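The values are calculated or read from the model by the stated rules, or taken from the named source; none is laboratory data. The model shown is predicted, which means the values in this text are computed figures rather than measured ones. No Cβ is skipped: glycine too gets one built from the backbone with ideal geometry, and neighbour counts run over all protein chains shown. The accessibility values were calculated without ligands, DNA or RNA, using every heavy atom of the protein model including side chains. Shrake-Rupley method; radii C 1.70, N 1.55, O 1.52, S 1.80 Å.
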Amino acid sequence: MDKIRIHGGRPLSGSIKISGSKNSALPILAATLLTKEPCTIRRVPDLSDTNYMLQILKHLGAEVERASGTVNIASARIESIAPYDVVRKMRASVCVIGPLLGRCKEATVSMPGGCVIGDRPIDLHLRGFEALGAAVRVEGGNIKVFAPKLTGAVVNLRGKFGPTVLGTDNVMMAAVLADGTTVIEGAAQEPEVVDLANFLNKMGAKVEGAGTRRIIVEGVKELHGTEHDIIPDRIETGTFLVAGAICGKGITVKRADAAHVTAVTNALLSCGYRVETKADTISVFPNGTSKPLEISTEPYPGFPTDMQAQMCALLSTTKGISVITENIFPQRYMHVAELKRMGAQVDLEGSTAVIQGVDHLLGAPVMASDLRASAALVLAGLKAEGVTEVSRVYHIDRGYEHLDEKLSELGAEIERVKA
Ligand code: EPU
């Protein structure tokens, strides 16, 4: 298994380009199943997760061509069964259920497995399908949904941890081909949901209100092929801005969308960094002493759970006491034990991390446990004295396109060590 080796302490400067969003690309690729006609999706990041999704689409019968960031998909004829072997590697595989149900009026998809960031139920997705008239059965590790016909309905998708992103996507994708109007209350407002709604509308769907808590979908008879550019990845953007804060002289991210990362740039401003935004570029600069922070993760537009681990790395070396509360996935703290091995002082109290900033971290061998935790360990390694080796790099490859190469461009001493 590959490792990433970092010689810490090199100041970062310069600029890099942000890739297309993983969490937009996954449901949008799945949504191409809703039409028989070809679709072209551009700025699809080259990641193992997007490649898994393309494998699932191929298994279902789609013809897929990929040339760098552009993917052409034609699903003239598809089947509606995605077995365990095909979907087990990625939880986001669940987002093929909505389009399969919409187009084929049935789907059998293996239940997603557990996840290191905590329990990841799909009860809200299923509640939405049932509201549209589908019968739902879970048997033999598979989710079976079927409906002779889907009928528009009012459904509230808010759960005890707030709205569900992929649940909103899934119900929206099933509802676009239902009879009548569907109202999704308690919808997720994430930019990725808006990107999907924009794509569906280009295919001929009638979706209104994406980006608000109420989405209204007026069902249509059929959808057609179209072209689409995926939005910039706001979590990759945030991760590079934190890299710039943790050890930068001043770095710039290009092809980003500043409006999507306001919670992160506000957090960096509160910590005392200087942040400048121009058109589609964002720069972060040190600005004297940095300050500790109290922050809670929230659904969009709040501070994203997908940036919590990276912020934990930054605050570990920020003088004073910082407090992070994780409200979306309360157990998402796998990075803490590894950061402590590098000298961080973090106490976990339930879903809250109390961080006593230290003067410096020391490089160490550390193990990545999930995508964002891995990014946090890389960021800590950039700051640490000496050598940090992050193993299980496949987690990083799931969601960051060329992370090591982009950090090298900024001046980091970082290399991928092939196993
Ligand atoms: N939840 C339920 N029932 C459901 C669905 C979700 O209780 O049926 C709970 C979850 O357990 C969690 C909360 O609702 O406590 C929010 O989960 P959500 O459904 O929004 O998560 P998701 O849609 O499965 C997406 C991203 C995650 C990101 C979350 C939250 C994709 C492919 N994944 O997951 O991204 O953390 O939204 O913003 O879009 C990542 O990229 O590293 C990642 C994990």
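Miscellaneous remarks
- Set of lysines with alpha-carbon distance to Lys278 below 17 Å, sequence-local pairs under 8 removed: Lys17, Lys254
- Taking the square roots of five times each eigenvalue of the Cα gyration tensor of the chain, the equivalent ellipsoid has semi-axes of 38, 21, 20 Å, listed largest first.
- Solvent-accessible area of Lys206 with every protein chain in place, 1.4 Å probe, in Å² to the nearest 10: 110
- By the rule of a C-alpha distance below 20 Å, with chain neighbours fewer than 8 residues away ignored, the lysines paired with Lys36 are Lys58, Lys105, Lys149, Lys202, Lys206, Lys221.
- Potential lengthening between Glu415 and His360 on full extension [0.36 nm per residue; Cα-Cα distance subtracted]: 17.6 nm
- Between Glu385 and Asn287, the simple label model (points 7 Å from Cα in the Cβ direction) yields a spacing of 3.0 nm.
- Sites Thr70 and Val138, calculated FRET efficiency, Cβ-Cβ separation with R0 45 Å, nearest 0.05: 0.75
- Extension gain from Glu227 to His402, taking 0.36 nm per residue of separation minus the Cα-Cα distance: 60.5 nm
- Note on Asp123 and Tyr84: the extension gain reaches 12.1 nm, defined as 0.36 nm multiplied by sequence separation minus the Cα-Cα distance.
- Across segment 60-69, coupling constants 3J(HN,Hα) worked out from phi with the 6.51/-1.76/1.60 Karplus curve, θ = phi - 60°, read 6, x, 6, 9, 10, 10, 10, 10, 6, x Hz, and Gly and Pro carry x.
- Taking all Cα pairs closer than 8 Å and separated by 6 or more residues, the relative contact order of segment 22-229 comes to 20 percent.
- Compactness relative to 2.2 N^0.38 Å, alpha carbon Rg of segment 22-229: 0.91
- Put the Cα centre of segment 209-234 next to the Cα centre of segment 305-374 and the gap is 36 Å.
- All lysines inside 27 Å of Lys160 as judged from Cα atoms, apart from same-chain residues fewer than 8 positions distant: Lys22, Lys89, Lys144
- Calculated from backbone phi, Karplus (6.51, -1.76, 1.60) coupling profile of segment 32-38 in Hz, x at Gly/Pro: 5, 5, 6, 10, 6, 7, x
- Probe 1.4 Å, accessible area per residue of the chain, Å²: 39
- Computed over the chain: relative contact order in percent, which uses C-alpha pairs under 8 Å that are six or more apart: 21
- DSSP beta bridges in the chain [antiparallel fraction, %, rounded to 5]: 70
- Mean separation of Cα contacts under 8 Å (6+ apart) over length of segment 339-419, as relative contact order %: 23
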